[in-house]
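Participant: Below is one structure. I have some questions about it.
What follows draws every value from the coordinates through simple rules; no lab data is involved. Computed from a prediction, not measured in an experiment: that's the story for all the values here. Note that we place each Cβ from the backbone using ideal geometry, even for glycine, and neighbour counts take in every protein chain shown.
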Amino acid sequence: MKNAAQPKLFFTRQQREVASLRDLSSRVGSNPLLVQASNGNTSIKLDGILWIKASGKWLAHALQEEMLVPLRLAEVKESIQNDTEIVPRYAREDQLRASIETPMHAVLRHRVVIHVHSINALAWAIRLDGPDQLKERLAGLHWQWIPYAASGIPLAREIAKAVASAPETDVFILGNHGLVVCGRDCDTAEKLLCEVERRLAIAPRRFPEPNATVLAMIARFSRWQLPDVDSLHALGTDVVSRKILKGGILYPCQAIFLGQTMPLFPPAVVLSKFTERLNDKDRTPLFVAVERSGVMLNEKMTSAERAALTGLVQVTLRTDESARLRYLKETEVTDVLGKGAHRCGELVVMKEKSNCPADTRNSMRNAPHLPPASSLALGHAYRRQALD
């Protein structure tokens, strides 16, 4: 049956509220302490229609390109109940697909929902004692901790159960995942997001300077580059970060963008046995972390993967060595990476757009605690992209 035409926004109020969501999405998406690459999503409910960010779209691009998918809220809830795929009712030339987190947005009663992979929130969300640690920090707010659940319908059902027992909840810390805040409008939700971020803030740990001599040995190969985000060197020079990442996968985007293992090598290996592999374009990893020396990036590494790596480093630099961490189980990682993990699919492979707005590529330059982002030319490689 042919799909109905896309609904038009007849009223100025609706136009204003959708425009407000776009503005909010752009601001949130341009802050790498909140969003890295295509992760995170926003939504607004208007007259029975759920407007939600499309899969794979970057929130930071909200003012430059179409990124919202309209869905009938009643139909989404029916799909959740029946555990079936959520399909847009309205025809669209660009074939945008709704975020994999659409079910979560649908079950929340609030009109505006913001879901981000906040660096500060993740630093708490990976801790086994996270709920206890946050009691004082989030005191006075209506918040709940949601233990890790797979994105999509499983997570939505866990949130629905939590809301059923405490309908006033408007802040959710998602174990090994991120942060959700809600509000009656975009302004209310954004103010709450800022307040939660203020309370969750952790100062990043200082780390030793990189060893330029060792890294220069790698840099002589044409496809290897020094990162222009200095904090990335912490993967090699910071003993705590190395210890944390040797433990496993902390959250889904780590596995999606960066793989299941960290390429960490002693300096002696890099300078001898690893030399041939470093120069083999078919076998080289996206990046190399050299113990006590720093990090080198492969030229094939995309902007999305660099953003994910920078975010991961910032999480480890905000995590105490003494903290007991909850890593994803092997089955959970398999679910994340496998197509069967979510009914709509978790991953797609596509070329990066060469017309990515310059302000987005450079958005990390203005973020607190984070050095400038890479300006590597886009469109030369493929990237893995979370349907978030």
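Participant: About the Cα centre of region 65-176, what is the dipole size in debye to 20, counting +1 per Lys and Arg Cβ and -1 per Asp and Glu Cβ, all else neutral?
Facilitator: 240 debye
Participant: Does anything in region 314-328 have its amide N under 18 Å from the 7 Å Cα→Cβ label point of Asp132, and if so which residues?
Facilitator: Backbone N within reach: 320-327.
Participant: OK, next. Using 0.36 nm times the number of residues separating Ser20 and Asp185, minus their current alpha carbon distance, what extension gain do you get?
Facilitator: Numbers: separation 165, 0.36 × 165 = 59.40 nm, distance 0.89 nm.
Roughly 58.5 nm would be gained on extension.
Participant: A further question follows. Sort 31-37, 106-112, 260-266 by packing, meaning the average of other beta carbons within 10 Å per residue, with the highest value first. Please list the in-between numbers first.
Facilitator: Values: 31-37: 25.6, 106-112: 20.7, 260-266: 16.0.
Order by mean packing, descending: 31-37, 106-112, 260-266.
Participant: If R0 is 30 Å, what FRET efficiency do you get for Gln95 and Ala74 from their C-beta distance, rounded to 0.05?
Facilitator: My answer for the efficiency is 0.85.
Participant: So, by mean Cβ neighbours within 10 angstrom, what's the order for 99-105, 294-300, 246-252, 80-86 with the highest one leading?
Facilitator: Taking the mean over residues of other Cβ atoms within 10 Å, the ranking is 99-105, 294-300, 246-252, 80-86.
Participant: State, to one decimal in nm, how far the label point of Arg292 lies from the label point of Ala203, with both points 7 Å from Cα in the Cβ direction.
Facilitator: Going by the 7 Å Cα→Cβ label model, 2.8 nm.
Participant: Can you compute the modelled spin-label distance between Glu168 and Val87, with each label point 7 Å from Cα toward Cβ, in nm?
Facilitator: So the label points at Glu168 and Val87 sit 4.3 nm apart.
Participant: Taking H placed 1.01 Å from N in the peptide plane, check which residues at least 5 places from Phe287 or on another chain put their amide H under 5 Å from its amide H.
Facilitator: Asn298
Participant: Same structure, new question: What are the ³J(HN,Hα) couplings of region 159-171, residue after residue, when phi is run through the Karplus curve with 6.51, -1.76, 1.60 and θ = phi - 60°? Round to Hz, x for glycine and proline.
Facilitator: Whole-Hz 3J(HN,Hα) from phi for region 159-171: 5, 4, 5, 5, 5, 4, 8, 8, x, 7, 4, 10, 9.
Participant: Given a cut-off of 25 Å, name the pairs among Lys57/Lys243; Lys161/Lys243; Lys53/Lys77; Lys53/Lys191 whose C-alpha atoms lie farther apart than that in the structure shown.
Facilitator: On the way: Lys57/Lys243 33 Å; Lys161/Lys243 36 Å; Lys53/Lys77 17 Å; Lys53/Lys191 20 Å.
Those over the limit are Lys57/Lys243; Lys161/Lys243.
Participant: Let me ask something else. Report the extension gain between Glu66 and Asp230 in nm, rounded to one decimal, defined as 0.36 nm multiplied by the number of residues separating them, less their alpha carbon distance. Before the final figure, lay out the partial values.
Facilitator: Values: separation 164, 0.36 × 164 = 59.04 nm, distance 3.35 nm.
Here the answer is 55.7 nm.
Participant: Is there a quick way to get the dipole size of region 116-245? I mean about its Cα centre, with the Cβ of Lys and Arg at +1 and of Asp and Glu at -1; what is the value in debye to the nearest 20?
Facilitator: 460 debye
Participant: Moving on to the next point. At a 10 angstrom cut-off on C-beta neighbours, averaged per residue, how do the peptides 142-154, 50-62, 225-237 rank from highest to lowest?
Facilitator: On the way: 142-154: 19.2, 50-62: 24.9, 225-237: 21.5.
Averaged packing, sorted descending, gives the order 50-62, 225-237, 142-154.
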